[in-house]
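Report on the structure given below.
The values are calculated or read from the model by the stated rules, or taken from the named source; none is laboratory data. Since the structure is predicted, the reported quantities are computational estimates derived from the model, not experimental observations. All Cβ positions, even for glycine, are placed from backbone atoms using ideal geometry, and neighbour counts span all protein chains on display.
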Amino acid sequence: MEKITAPRGTKDVLPEESRAWQILEEKLRSLAHRFGYREIRFPTFEDVALFDRGVGDTTDVVQKEMYDFYDKGDRHIALRPEGTASVVRSFIENSLHAKGLPLKVYYIAPNFRYEKPQAGRLREHHQFGVECFGAYDATADAEVISLGATLLRELGITDTELHLNSCGCKECRKSYHAALKEYFSTRRSELCDTCNDRLDRNPMRILDCKSEICKAISKDAPKITDFLCDDCRAHFDKLRAYLDETGISYTLDPMLVRGLDYYTNTVFEFVSGKLGAQSTVLGGGRYNGLVESLGGPATAGLGFGCGIERLLLTLEAEGKLQDERLVPEVFIAHAEERAEIVSHKLVYDLRALGVWAERDTTGRSLKAQMKYAGKIGAKYSAVIGGSEIDEGKITIKNMDSGETQECALSADDIKAKIGG
């Protein structure tokens, strides 16, 4: 019979790997809470229109990468390719604007994109994201960027560079789109088929094309920063002043537009020098028109996302990956048949007291039980036999030092002796 394997582009997180994920997620949650963000959870799949309208039907995400299908009710559904659109949908549907603004939320959730699997980029990947609604001032942009900078610093990720740009507003883009269209029209025959379509619909998306030819053509394209209106330029200058004041260094990158249509004004990425082609560790920006375009009240929005897998790869590349092995506090072995039920009860009582206790459930010999206790890294072990039952006492052994101590055959006394 043919073996069934995980779908291409997905990955099992095995028991020996999951602790590193848990440690990272605990740190992400703690940092988000410190900055005033509360958790939001949302469905894995949504109406496909949410991403067509929210993410943009000229983006690679929607055109090439989104998993979409018709369900049994003939509804057009998509597996969520990114988190922001789902948060905005929830913000509108649940009238979260009425609960007081700014509203700050975070999430840790899987996303799905059909693309070539590679290091740090899987078809099912997990993302930590933050979203802030109702704050128009550049101080909010500075706060979100500082959250990202703090995250990387506290994780020990030092080899990153902040790239910063402004995409302007709708008014800025009218003249900018016209300039891009004029520029790219002279090279139309060299553009890929996708970018030829984008040229008529949204020429700014050409700047985000993955084709090496299109990238080369884009290098000399007009820059958005030359077309910013007075308000957008003032916003960008104020943001830079805040970053300068707090000592967050950055590199101006006028070609940075990010891969989604909803961005306005600020866009940014933290880029690592140790991840090769997939160098972006964390990225985001402002999306002031997104809530309104999806049917909600005009509300400012901004945030960022970072891949959990990408963070773990970066931590590993920098030698900062924490992978603390979780081990049982005590293993209770039994030496004879009548001791088996006693060991079962003792383990049950220890667990009720909050102690991670284990015992054999496979019929091993006493020698094999003790070998297994060492294999799983139990901190302490004890053996119950007839004499221990008769005397009501048990000997606890420290598996590292070999030291022993006697205590009563009770969960309370064992817990006290091992410091559980």
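A few remarks follow.
- Residues being within 32 Å of the chain's Cα centre (by Cα) and either crowded, with 17+ Cβ neighbours inside 10 Å or farther than 19 Å from Thr59 by Cα (or both) - total across segment 147-205: 31
- Counting only helices (runs of 4 or more DSSP H) that sit wholly inside segment 1-119, those with at least 1 residues that are basic (Lys, Arg) are 15-34, 84-93.
- Condition check for Gly83: over 23 Å from the mean Cα position of the chain (by Cα) and either within 26 Å of Leu312 (Cβ to Cβ) or crowded, with 20+ Cβ neighbours inside 10 Å (or both): no
- Counting the residues of segment 207-222 that are closer than 14 Å to Pro254 by Cα and buried (at least 16 other Cβ atoms within 10 Å of the Cβ) gives 5.
- Consider segment 107-146 and keep the residues that are over 21 Å from Glu82 (Cα atoms) and polar (S, T, N, Q). The one that is surrounded by the fewest Cβ atoms within 10 Å (Cβ to Cβ) is Thr139.
- Residue list for segment 9-46, restricted to those being closer than 16 Å to Leu79 by Cβ and in contact with a Lys or Arg (Cβ under 7 Å, 6 or more places away or on another chain): Gly9, Thr10, Thr44, Phe45, Glu46
- Residue that is surrounded by the fewest Cβ atoms within 10 Å (Cβ to Cβ), among those in segment 289-298 that are more than 25 Å from the chain's Cα centre (by Cα) and not in a helix (DSSP H, G or I): Ala298
Every residue, every condition in (1) out of contact with any Leu (no Cβ under 7 Å at 6 or more places or on another chain); (2) among the hydrophobic types (A, V, I, L, M, F, W, C); (3) free of Cβ contacts under 8 Å to residues at least 12 places away in the same chain; (4) farther than 21 Å from Ala135 by Cβ, yes or no:
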residue: Val257; (1), (2), (3), (4): no, yes, no, yes
residue: Gly285; (1), (2), (3), (4): no, no, no, no
residue: Gly301; (1), (2), (3), (4): no, no, no, no
residue: Gly319; (1), (2), (3), (4): yes, no, yes, yes
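- Criterion applied to Thr5, Thr58 was being hydroxyl-bearing (Ser, Thr, Tyr), over 17 Å from Asn111 (Cα atoms) and touching a residue at least 40 places away in the same chain (Cβ under 8 Å), and the one residue passing it is Thr58.
- In segment 153-180, the residues that are touching a residue at least 60 places away in the same chain (Cβ under 8 Å) and among the charged types (D, E, K, R) form Cβ pairs under 6 Å with partners that are assigned to a loop (DSSP other than H, G, I, E, B) and loosely packed, with under 14 Cβ neighbours inside 10 Å, at six or more places apart or across chains, as follows: Asp159/Gly273.
- Thr44 vs. criteria polar (S, T, N, Q), over 30 Å from Asp200 (Cα atoms) and in contact (Cβ under 8 Å) with a residue 60 or more places away in the chain: yes
- Qualifying residue in segment 332-350 (condition: part of a loop (DSSP other than H, G, I, E, B), within 30 Å of Ala20 (Cβ to Cβ) and at pLDDT 95 or above): no
- Restricting attention to segment 352-363, the residues that are surrounded by fewer than 11 Cβ atoms within 10 Å (Cβ to Cβ) and either in contact (Cβ under 8 Å) with a residue 12 or more places away in the chain or under 21 Å from Glu16 (Cα atoms) (or both) add up to 2.
- One residue stands out among those in segment 308-323 that are acidic (Asp, Glu) and within 15 Å of Val13 (Cα to Cα): the one that is modelled with the lowest pLDDT, which is Asp323.
- Lone unmet requirement of (1) modelled with pLDDT of 95 or more; (2) of a type in the set (Ser, Thr, Tyr); (3) at negative phi for Ser95: (3)
- Test: residue in segment 279-288 that is under 25 Å from Val61 (Cα atoms), assigned to a loop (DSSP other than H, G, I, E, B) and of a type in the set (D, E, K, R): no
- Among the residues of segment 364-420, the ones that are surrounded by 15 or more Cβ atoms within 10 Å (Cβ to Cβ) and assigned to a strand (DSSP E or B) come to 9 in all.
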